[in-house]
Amino acid sequence: MILKDLKIFSQNIWKSNFLINTILKVNQDFDILFIQEPLWTTLRSILSSMNSEGVPLLGIPNYPNWLTFARELSFSNESPRVVIYINIRLLSLHFSFRKDIINHRDIILTSFFNNNFTF
């Protein structure tokens with residue numbers, strides 16, 4: 001796959017699930033979405049042998065047309081403040097989340113391969 005034009009959208013959503021859901025539904029023609037300040041919320045409860053009410057699963061919205069990259073959620077009030085959504089049309093580019101280079105809650109470094117080059 002040869003890339004000529006990569007459409008990128010960047011938005012600070014101020015921890016609004018309504019805004020992130022709207023962006024993911026409306027911006028299907030973009031290739032990569034950079035989202036700042038996503039809201040990490042309880043998506044559902046997971047069954048647990050330790051707790052009869054279950055354990056909360058924290059996360060951000062996921063959509064079938066988007067691959068999500070985010071730093072691991074820690075339980076020390078250090079939730080990630082940036083997320084990348086990559087349109088699944090670009091899966092053949094083999095995106096990599098490069099936390100081996102930098103692992104910070106405010107920075108996401110990704111790379112991808114195109115025509116034998118790493119970007």
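Only the coordinates and a few stated rules stand behind these numbers; no lab work does. Here the structure is a predicted model, which is why all the values come from computation and not from measurement. Neighbour counts are summed over all protein chains in view; Cβ atoms, including those assigned to glycine, are modelled from backbone coordinates with ideal geometry.
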Per-selection Kirkwood Rh - the chain (Cα, Å, 1 d.p.): 15.7
Amide H partners (placed H, <5 Å) of Leu43, local residues excluded: Leu57, Leu58, Gly59
In region 1-74, the chymotrypsin sites (Phe, Trp or Tyr not before Pro) that fall in loop regions by DSSP, at most 13 other Cβ within 10 Å: Trp14
GNM result for the chain, Cα springs below 10 Å: residue of Ser79, Ser52, Ser96 fluctuating most strongly: Ser52
Under Karplus coefficients 6.51, -1.76 and 1.60, residue-wise ³J(HN,Hα) of region 31-46 in Hz, glycine/proline x: 8, 9, 10, 9, 10, 9, 6, x, 8, 8, 10, 6, 7, 5, 9, 9
Extension reserve of the Phe97-Phe117 stretch, reckoned as 0.36 nm per residue once the Cα distance is removed: 5.6 nm
